[in-house]
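Student: Pasting a structure below so you can have a look.
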Amino acid sequence: MLLIEDLKVKIGDKVILSHIDLKIPEGVTCVLFGPNGSGKTSLLMTIMGFSQYKVVGGRIIFDGKDITNLPTYERARLGIGISFQRPPAINGLKLKDMIKICGANDDSLAEKMARKLNLEKFLNRDVNVGFSGGEIKRSELLQLMAQSPKMLLIDEPESGVDLENISLVGETIETLIKGNDHYELPRKVIKRERKRSGLIITHTGYILDYITADMGAVLYNGAIACQGNPIEILKWIKGKGYKECSRCVA
C-alpha cells in the first residue's frame, strides 16, 4: 500500500528527513515512535504532499503509483486520509458541510457517522471553532470516516485528549482501519468493507491499548532507527529511552 524508498526531505535549506525506507503492506497498521523534533509529523506531511516539504531524493509509492510529485488533492483522491495533531479552526464552514465535502453527501449518513462519535450537536457548528481537544480529534476522525480512505495517516491521536475521550478515539481508529464501516439508512444499507492500512504517530503508546498494530518503527534524528514488534519497541523505549534504542540497532 505504501512504499518509501531512500526519502530525503528539506524545509527551506534544512534537511529534516534522510534515507527513509518504510514499507507498509495492504491491511497493515504501523505505529511510528520517536522523540519530539525527530521528523514524525514531517514524514506524514510529506506523504500527504504539503508544499513546504520538498522531496530532494528518493520516492513515495502509494498503491502501486508514484506520488512523489503529486499535489495534495490528488493524493487525497487516490485514497490517502490524514488526521492532524493540531488542525485549524475554519470559520464559516459548518461541520456537516465539511462531512459532505469529504464524501458523506447523504444527510442521514452524515448524522449516523456523527452519532458514532457523539458529534450530532456539532454538525451545525463551524469546523473546530471552540471545540475542546477531544472534540477536535473526533471531528478529524469524522472527516476520515466520511472520506473512507485506503490509507490512514494519524498524527498523535492521544494529544490533548482526556481519558474519557481516548477510548472512543482509539476504538474509532480501530474500526476505521479494519474497514468494516456499516450504516443502515431509511432506504439503503451502506457497507464500506475495505482492507485499509495505517501509519500512526504516538508519543505515549496509549493508543496501543485500543488498536491492533502489526509493526512498529522508531524515527530518530530524521531517519528510521529500527523496525519491529510495536509492543516490544514501546517496552524498550520506556526502559532505555530513544537514544539507547537507536544505539541497540546500530
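The values are calculated or read from the model by the stated rules, or taken from the named source; none is laboratory data. Values in this document were obtained by computation on a predicted structure and should not be read as measured data. No Cβ is skipped: glycine too gets one built from the backbone with ideal geometry, and neighbour counts run over all protein chains shown.
Student: Of all residues in segment 58-77, which are charged (D, E, K, R) and outside any loop (DSSP other than H, G, I, E, B)?
Tutor: ARG59, LYS65, ASP66, GLU74, ARG75, ARG77
Student: Here is a list: ALA104, ALA114, ALA76. Which entry is out of contact with any Lys or Arg (no Cβ under 6 Å at 6 or more places or on another chain), farther than 23 Å from ASP162 by Cα, crowded, with 19+ Cβ neighbours inside 10 Å and not β-branched (Val, Ile, Thr)?
Tutor: Of the residues listed, the single one that is out of contact with any Lys or Arg (no Cβ under 6 Å at 6 or more places or on another chain), farther than 23 Å from ASP162 by Cα, crowded, with 19+ Cβ neighbours inside 10 Å and not β-branched (Val, Ile, Thr) is ALA104.
Student: For segment 98-109, check the following and say yes or no: at least one residue is assigned to a loop (DSSP other than H, G, I, E, B) and in contact (Cβ under 8 Å) with a residue 60 or more places away in the chain.
Tutor: Yes, segment 98-109 contains a residue that is assigned to a loop (DSSP other than H, G, I, E, B) and in contact (Cβ under 8 Å) with a residue 60 or more places away in the chain.
Student: Would you check which residues across segment 192-223 are assigned to a loop (DSSP other than H, G, I, E, B) and at pLDDT below 90 and list them?
Tutor: ARG194, LYS195, ARG196, THR202, HIS203, THR204, GLY205, TYR210, ILE211, THR212, ASN221, GLY222
Student: It is to be established whether one or more residues within segment 140-147 are in contact with a Lys or Arg (Cβ under 7 Å, 6 or more places away or on another chain) and under 21 Å from ALA110 (Cα atoms).
Tutor: Checking segment 140-147: not a single residue is in contact with a Lys or Arg (Cβ under 7 Å, 6 or more places away or on another chain) and under 21 Å from ALA110 (Cα atoms).
Student: Looking only at segment 79-97, filter to residues that are touching a Leu at 6+ places or on another chain (Cβ under 8 Å) and assigned to a helix (DSSP H, G or I); which one of those is surrounded by the most Cβ atoms within 10 Å (Cβ to Cβ)?
Tutor: Per the stated criteria, the residue is LEU95.
Student: Go through segment 26-60 and report how many residues are within 22 Å of LEU234 (Cβ to Cβ), surrounded by 14 or more Cβ atoms within 10 Å (Cβ to Cβ) and over 16 Å from the mean Cα position of the chain (by Cα).
Tutor: Selection size over segment 26-60: 2.
Student: Inside segment 125-139, can you point out the residues that are assigned to a helix (DSSP H, G or I) and either of a type outside the set (Asp, Glu) or surrounded by 23 or more Cβ atoms within 10 Å (Cβ to Cβ) (or both)?
Tutor: Scanning segment 125-139 gives GLY133, GLY134, ILE136, LYS137, ARG138, SER139.
Student: Now, a different point. For segment 17-37: of the residues being assigned to a strand (DSSP E or B) and hydrophobic (A, V, I, L, M, F, W, C), which is farthest from GLY228 (Cα to Cα)?
Tutor: Filtering segment 17-37 for residues that are assigned to a strand (DSSP E or B) and hydrophobic (A, V, I, L, M, F, W, C), the one farthest from GLY228 (Cα to Cα) comes out as LEU17.
Student: Does segment 224-233 include one or more residues that are within 30 Å of LYS10 (Cα to Cα), touching a helix residue (DSSP H, G or I) at 6+ places or on another chain (Cβ under 6 Å) and part of a helix (DSSP H, G or I)?
Tutor: No, segment 224-233 has no match at all.
Student: Still on this structure: With surrounded by fewer than 18 Cβ atoms within 10 Å (Cβ to Cβ), within 20 Å of ASP214 (Cβ to Cβ) and not hydroxyl-bearing (Ser, Thr, Tyr) as the only criterion, which of LYS14, LYS23 stands out?
Tutor: LYS23
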